[in-house]
């Protein structure tokens, strides 16, 4: 049984390689923002897990409307995927939503009565 586990693990990594090859590069402005960030990726992940308990799936860095921010994805114990935005200087969680809801809003969709279901925005 252990041998199968060891063989499957490297095979599972091969599935990740196409995503690593398609990683975005930072422009000079984002690179400068990243260098000035006082929060580490580990601290951003910890802040996301405080906002939503579960398993940290990903953390990325970028410019969120002129604000240096980390974007984290947390998979909750119920299987729900949460997208959490963390200010890279202060560590403040300034927005959080179910990932499916966040994707809907990126496409311009809104919930009933124009509400953004499942989303919090503290900033």
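Since every read-out is calculated from the coordinates, none of them should be taken as a lab result. Because the structure is predicted, anything quoted here is derived from the model rather than measured. Glycine gets a Cβ as well: all are built from the backbone with ideal geometry, and neighbour counts include every protein chain shown.
Extending each Cα 7 Å along its Cβ direction at residue 77 and residue 89, get the distance between those two points in nm, one decimal.
With each label point 7 Å from Cα toward Cβ, the separation is 3.7 nm.
Students often check this: by mean Cβ neighbours within 10 Å, which of 43-49, 67-73, 30-36 ranks highest, and how do the rest follow?
Packing proxy ranking, top to bottom: 67-73, 43-49, 30-36.
Can you give the extra length, in nm with one decimal, that the chain gains between residue 67 and residue 50 once fully stretched, where that is 0.36 nm per residue apart less the Cα-Cα distance?
So the extension gain works out to 4.0 nm.
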